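One structure below.
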Amino acid sequence: MIKKNKIKIKVNGKNYIVNNNYSLNTLINKLDIPKKMVAIELNKKIVDKKKLKKIILKQKDCLEIVHFIGGG
Amino acid sequence: MSKDKLIIANKGYKSRLIVGTGKYKNFLECSKSVKLSGAEIVTVAVRRVNIFDKSKPILMDYIDPKKITYLPNTAGCFTSDEALRTLRLAREIGGWKLVKLEVLGDKKNLFPDMIETLKSTEILVKEGFKVMVYCNDDPLMAKRLENVGASAIMPLASPIGSGLGILNKVNLKIIREQTKLPLIVDAGLGDAKDAAEAMQLGSDGVLVNTAIAKADKPYLMAEAMKYAVISGRKSYLSGRIKKNIYGSASSPKRGII
């Protein structure tokens, strides 16, 4: 059950529940993700990392947070 | 010789060996191998951050992107859309414009889908990317990639990770002769001999991952590749002798006792 003041979002394919007034910036900080080393996509659109504070998460938002790993 | 640099998208590199960073046992083995190989460019993949376990180390802790050029790739992409999405994200991570495009067409042989590859190259170039393109060893496709603005042509020697070495020397030579773009032989090289051979055909560089990462002794192979590329390059520039089916004595006949 999700409480009234909570919303369900997806982060990297996994369900995640946050407060309904959460900004993307708050989430990234809470997840302890180094902003300089990642790219963020919200509902398949790339997010300008300078504008994270202005983006308030909504129910069913789908986030992808990616970085570089070893590859050939 | 020190002036003989690999130039890609107007930037010069002393090393003509590009190495991949996948398939190593761990980041330490990877970073040590990169160091021993002397490579100044490494390929990297774009993947999800493990948001629930951040105790795991990350690549940037081991290979400093300020010292080594990260070349984001699109490994694992099978359509133009996937590849474009991946590289747009890669650019967002830290302003990377130099990228390696790789659109695969078949899961078993990992050959590139050249129609999707060509389409993606055209779009990426328009978006300001400097695109190094993994492609088949087909001179006609290589020409078309060049025509749409690729920054480097990267034909395969043989299937990715196969270690089969160069299967079609003639095609690579034709591509070398027709293009002024950097020619980087990518995929399939198995050992130092293969890397040297690619360089002797006139390639501007080679890209190696599996051959180093999966060798019994990766550090030794990393060094072997470094010297093979230097050796192959010098050999190519030196102007080799003509082949002759008959012998030609190396010592003078005069003064024979």
* Assess whether B:Asp53 counts as being surrounded by fewer than 23 Cβ atoms within 10 Å (Cβ to Cβ), over 20 Å from the mean Cα position of the chain (by Cα), modelled with pLDDT under 95 and of a type in the set (Asp, Glu). => yes
* Those residues that are over 13 Å from the mean Cα position of the chain (by Cα), closer than 18 Å to B:Leu71 by Cβ and hydrophobic (A, V, I, L, M, F, W, C), I need them from the stretch B:142-183; list them, please. => B:Leu145, B:Ala150, B:Leu181
* Structure fact -> Among (1) on the phi > 0 side of the Ramachandran plot; (2) facing chain A (nearest Cβ under 10 Å), B:Gly128 falls short only on (2)
* Structure fact -> Going through the stretch B:34-82 in order, the residues found to be more than 8 Å from chain A (Cβ to nearest Cβ) and over 28 Å from B:Val103 (Cβ atoms) are B:Lys35, B:Leu36, B:Gly38, B:Asp53, B:Ser55, B:Lys56, B:Pro57, B:Asp61, B:Tyr62, B:Asp64, B:Lys66, B:Lys67
* Asked: Any chance the stretch B:147-156 includes a residue that's assigned to a helix (DSSP H, G or I), closer than 16 Å to B:Ser80 by Cα and either more than 14 Å from chain A (Cβ to nearest Cβ) or free of Cβ contacts under 8 Å to residues at least 24 places away in the same chain (or both)?
  -> no
* **Failed condition for B:Arg240, given (1) surrounded by fewer than 16 Cβ atoms within 10 Å (Cβ to Cβ); (2) more than 21 Å from B:Asp4 (Cα to Cα); (3) not hydroxyl-bearing (Ser, Thr, Tyr)** => (2)
* **Check on B:Lys67, over 18 Å from the mean Cα position of the chain (by Cα), modelled with pLDDT under 90, among the basic types (Lys, Arg) and in a loop (DSSP other than H, G, I, E, B)** => no
* **All positions within the stretch A:47-72 that are within 14 Å of chain B (Cβ to nearest Cβ), in a loop (DSSP other than H, G, I, E, B) and acidic (Asp, Glu)** => A:Asp48
* To do: Considering only the stretch B:51-75, state which residues are farther than 26 Å from A:Tyr16 by Cα and of a type in the set (Gly, Ala, Ser).
  => B:Ala75
* Structure fact -> Given the conditions (1) modelled with pLDDT under 90; (2) part of a helix (DSSP H, G or I), every one holds for B:Arg91 apart from (1)
* Restricted to the stretch B:15-33, and to residues that are touching a residue at least 60 places away in the same chain (Cβ under 8 Å) and in a helix (DSSP H, G or I), which residue is farthest from the other protein chains (Cβ to nearest Cβ)? -> B:Lys32
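When residues of the stretch B:199-257 are filtered for being in a loop (DSSP other than H, G, I, E, B) and of a type in the set (Val, Ile, Thr), how many remain?
Of the residues in the stretch B:199-257, 4 are in a loop (DSSP other than H, G, I, E, B) and of a type in the set (Val, Ile, Thr).
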* If you scan the stretch A:1-46, which residues turn out to be farther than 20 Å from B:Leu89 by Cα, within 13 Å of another protein chain (Cβ to nearest Cβ) and loosely packed, with under 15 Cβ neighbours inside 10 Å? -> A:Asn15, A:Lys30
* To do: Go through (1) of a type in the set (A, V, I, L, M, F, W, C); (2) crowded, with 19+ Cβ neighbours inside 10 Å; (3) without any contact (Cβ under 8 Å) to a residue 12 or more places away in the chain one by one and return the number of the condition B:Leu98 breaks.
  => (3)
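The values are calculated or read from the model by the stated rules, or taken from the named source; none is laboratory data. Given the structure is predicted, the values throughout are model-derived calculations rather than measurements. Neighbour counts are summed over all protein chains in view; Cβ atoms, including those assigned to glycine, are modelled from backbone coordinates with ideal geometry.
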